[in-house]
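The values are calculated or read from the model by the stated rules, or taken from the named source; none is laboratory data. Note that this is a predicted model, so its numbers are computed, not measured. Neighbour counts run over all protein chains shown; Cβ positions are idealised from the backbone, glycine included.
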């Protein structure tokens, strides 16, 4: 890999860190070959790194980072990230337990906290999980590529926020070890290997379907830009007609999805023929289109504020009368693995509302169009962040425990 190619990949990684309510400082590095790696250098505000500032080319045979790359042959990307919530968790805990599905998927039951940043300790702690926390310092993620590393850092930061801010609403509730291990096993042995083909056949679409496929693709990119999803998590669908829906494929980056990658699915049978593999929650989407006549579009998010409530198995009220009339209060659906149990839980919780939180998972929103649903998802996430004092402090008394909000 050339310096120019590495620089482009580094900048793509940097763009994954946005100027949101939480600032992330750190360093990003990428192996160019067996002799060199490229690095952003120092401890910088990741969202403000610019290509014109230049990147460092480093000898892989020198320094701690070079030692990590040299002794981890399958790892090409390294990210160190530091935020206030990450530091607080690393100073408080010996290990960060997984209370969110996406963290359990990438790391298993917990992320280890190590006492220092010695390369040997980092390599040992990241073996199998790819990530670790350094006490009083930050998070380290080592991965095969930068996209995976960025998503892992963001998911760990989100889980740290669930631990810190979740104290306001009863505290994050970890998965039991057996459930977390199953999530990690299924993710590593099934999910990451799906939809790896470089392309699928392009077939013709009428004008309406072509426009709707494009709309879904652009919506996915906007979800990433607004930090409503990370990596390949979350999903989007739109009802094409009374018998079919269009839905995002599973395990694909939102910025690489093309028109032909969107999956057309029969609502009654879930048949989709020779296409990309559809999202793991496709059965939930099909059920909602059948159960709720006003449902024309669905978005499933994994955003930061919502994830704190999900980790704590809590919902919250909407105090804005106009918004409340549209979506109702945010109730909680019980957690379940993908399948009929999860489908039933979500459909039941959505009775009388258009938005729900799924415990330990994320949120589902439905409405008459993707534009409306996106706006609601963004508004609900902002409300969640405000209640949790991500930005402007507000009392947390409006939160609702799961057992009070089930339908």
Query raised in the report: For segment 215-241, which residues satisfy the criterion of being touching a residue at least 24 places away in the same chain (Cβ under 8 Å) and out of contact with any helix residue (DSSP H, G or I) (no Cβ under 8 Å at 6 or more places or on another chain)?
Result: 220, 221, 224, 225
Query raised in the report: If we keep just the residues of segment 50-87 that are assigned to a strand (DSSP E or B) and either touching a residue at least 60 places away in the same chain (Cβ under 8 Å) or at positive phi (or both), which is surrounded by the most Cβ atoms within 10 Å (Cβ to Cβ)?
Result: 79
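Evaluate the following for residue 373: is it buried (at least 23 other Cβ atoms within 10 Å of the Cβ) and in a helix (DSSP H, G or I)?
Details: buried (at least 23 other Cβ atoms within 10 Å of the Cβ): yes; in a helix (DSSP H, G or I): yes.
It is true that residue 373 is buried (at least 23 other Cβ atoms within 10 Å of the Cβ) and in a helix (DSSP H, G or I).
Let's see how each residue does on (1) assigned to a loop (DSSP other than H, G, I, E, B); (2) touching a helix residue (DSSP H, G or I) at 6+ places or on another chain (Cβ under 6 Å):
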position	(1), (2)
121	no, no
141	no, yes
147	no, no
160	no, yes
164	no, yes
173	yes, no
181	no, no
185	no, no
Report summary line: Every listed condition ((1) farther than 12 Å from residue 353 by Cβ; (2) free of Cβ contacts under 8 Å to residues at least 60 places away in the same chain) holds for residue 297 save (2)
Report task. Only residues that are under 15 Å from residue 172 (Cα atoms) and assigned to a loop (DSSP other than H, G, I, E, B): list them for segment 296-333, please. Result -> 312, 313
Query raised in the report: Which one is nearest to the chain's Cα centre (by Cα), of the residues in segment 187-209 that are outside any loop (DSSP other than H, G, I, E, B) and within 22 Å of residue 238 (Cα to Cα)?
Result: 209
Report task. Residues being surrounded by 15 or more Cβ atoms within 10 Å (Cβ to Cβ) and assigned to a loop (DSSP other than H, G, I, E, B): count how many of those fall in segment 339-368. Result -> 6
Report summary line: Those residues of segment 72-102 that are touching a strand residue (DSSP E or B) at 6+ places or on another chain (Cβ under 7 Å) and under 19 Å from residue 338 (Cα atoms) come to a total of 1
Requested in this report: Any residue in segment 158-176 that's more than 13 Å from residue 89 (Cα to Cα): show its pairings with residues that are modelled with pLDDT of 95 or more and assigned to a helix (DSSP H, G or I) at Cβ separation under 6 Å, as long as the two are six or more apart or on different chains.
Outcome: 175/104
Report summary line: Of (1) touching a strand residue (DSSP E or B) at 6+ places or on another chain (Cβ under 8 Å); (2) within 30 Å of residue 281 (Cβ to Cβ), residue 134 fails just (2)
